[in-house]
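Below: the structure, in structure tokens.
The values are calculated or read from the model by the stated rules, or taken from the named source; none is laboratory data. Small disclaimer: the values here were computed from a predicted structure and weren't measured. Neighbour counts are summed over all protein chains in view; Cβ atoms, including those assigned to glycine, are modelled from backbone coordinates with ideal geometry. Protein only, heavy atoms only, side chains kept; ligands, DNA and RNA dropped before computing areas. Shrake-Rupley method; radii C 1.70, N 1.55, O 1.52, S 1.80 Å.
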Amino acid sequence: MDVTYELRGPVAWLTINRPEARNALNKSVRDGLLAGTERFNEDDDAKVLVLTGAGGKAFCAGGDLKEMADSGLRVPPPDFVPQFGRTIEVAKPTIAAVNGVAYAGGFLLAQSCDLCVAAEGARFAISEAKVGRGAPWAAPLPWLVPPRIAMQILLTGDPVDAARAREIGLVNEVVPAGELAGAAQRLAERIAANAPLSVLAAKKTVRLIAEHPLADAYAEAERIWEPVYLSEDAQEGPAAFRDKRAPVWKGR
């Protein structure tokens, strides 16, 4: 299978399994990513998704240029590659575990995730300018990194190493390659242990600035968080603290 789905406790691992082609996004991979994301959305046991690539060289090297050349692909539709929050809604948190190069469409996938953990040898690039292709999906990039950094990434197509990616805010954590899976799993488990309604509302809150003018963001945030305040979990958290026990979240 070119994409695998595996549940490790409360964490779903979606893995691009085409290491011989640097996990390039051919049709089989694109279809597998969509099916895996839909499965995660429907999987009540999965609280967080980790997206990664098989092998140690590539997270995803981008589109399959051979396939593009053979098919004469011109303007790809927005859903050519599943884009979290744009072409497919994903309410639960997502983490990119970047184990190698994340170029072009691979950059897109890492950018689409809520958090990113990278191996020390990982590299990121929007390389479309080097092959005459386009990157309209990079529109949110100036929300993630400073505009002039985004401009340089897009104009040059030059790779950004993991340390620099963390420095500019594109990556949350950089770890040795052998520790990547464990670091991503631990981060996901810390999120999964929290109150589920609070986690879902927190994700929506962070995205408000990208989606709404600042003047509207506060009102929208109040609307998002009101059900959390009114939930059973909002009472359970303080009660568990008072009683010196672990909270039992119900998600309602």
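The table below gives the values:
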read-out	value
Fraction of beta bridges assigned by DSSP in the chain that are antiparallel (%, nearest 5)	25 percent
Placed amide H near residue 90: partners under 5 Å, 5+ positions off or other chain	85
Crossing angle, helix 27-42 versus the chain [Cα axis fit, 0-90 degrees, rounded to tens]	0 degrees
Whole-Å semi-axes of the ellipsoid equivalent to the range 82-146 (Cα gyration tensor, √5λ, descending)	18, 16, 10
Estimated [θ] at 222 nm from DSSP helical runs (n ≥ 4, -39500 (n - 2.57)) normalised by residues in the chain, nearest 500	-13000 deg cm²/dmol
The range 222-229 - phi-based ³J(HN,Hα) in whole Hz, Karplus 6.51/-1.76/1.60, Gly and Pro as x	4, 5, 5, 8, 4, x, 5, 4
Rounded tilt (10° steps) of 147-156 against the dominant C-alpha axis of the chain	30 degrees
Karplus (6.51, -1.76, 1.60) ³J(HN,Hα), θ = phi - 60°, over the range 7-17, in Hz, Gly and Pro reported as x	9, 10, x, x, 10, 8, 9, 10, 10, 6, 10
For residue 58, residues with placed amide H under 5 Å, excluding near neighbours	101
Average Cα contact separation per residue, the chain, under 8 Å, 6 or more apart, as relative contact order %	15 percent
Computed accessible area, residue 79, all protein chains, 1.4 angstrom probe, square angstrom	100 Å²
Set of lysines near residue 92 by C-alpha distance (under 29 Å), chain-local residues within fewer than 8 positions excluded	27, 47, 57, 203, 204, 244, 250
Volume per residue of the C-alpha convex hull in the range 46-192, rounded to whole Å³	110 Å³
The range 53-151: GluC sites (Glu not before Pro) in DSSP coil with no more than 10 other Cβ atoms inside 10 Å	89
Percent of Cα pairs exceeding the 14 Å cut-off, where the set is the range 1-79	62 percent
Estimated dipole of the range 58-129 in Debye, rounded to 20 [Cβ of Lys and Arg +1, of Asp and Glu -1, Cα centre]	80 debye
Cβ-based charge dipole, the chain, positive-most Cα from 9, 117, 185	117
√(5λ) per eigenvalue of the Cα gyration tensor, the range 204-252, largest first, Å	29, 10, 9
Per-residue HN-Hα couplings for the range 46-58 [Karplus 6.51, -1.76, 1.60; θ = phi - 60°; Hz; x = Gly/Pro]	9, 9, 9, 9, 10, 9, 8, x, 6, x, x, 9, 9
Nearest-20 debye value, the chain charge dipole, Cβ charges on Lys, Arg, Asp, Glu	400 debye
q = 0.10, 0.14, 0.17 Å⁻¹: log10 I(q)/I(0) that the Debye formula gives for the chain, counting C-alpha atoms only	-0.51, -0.96, -1.34
Rounded to 10°, Cα long-axis angle of helix 232-243 versus longest principal axis of the chain	70 degrees
Amide proton proximity set for residue 3, modelled H, under 5 Å, gap of 5+	17
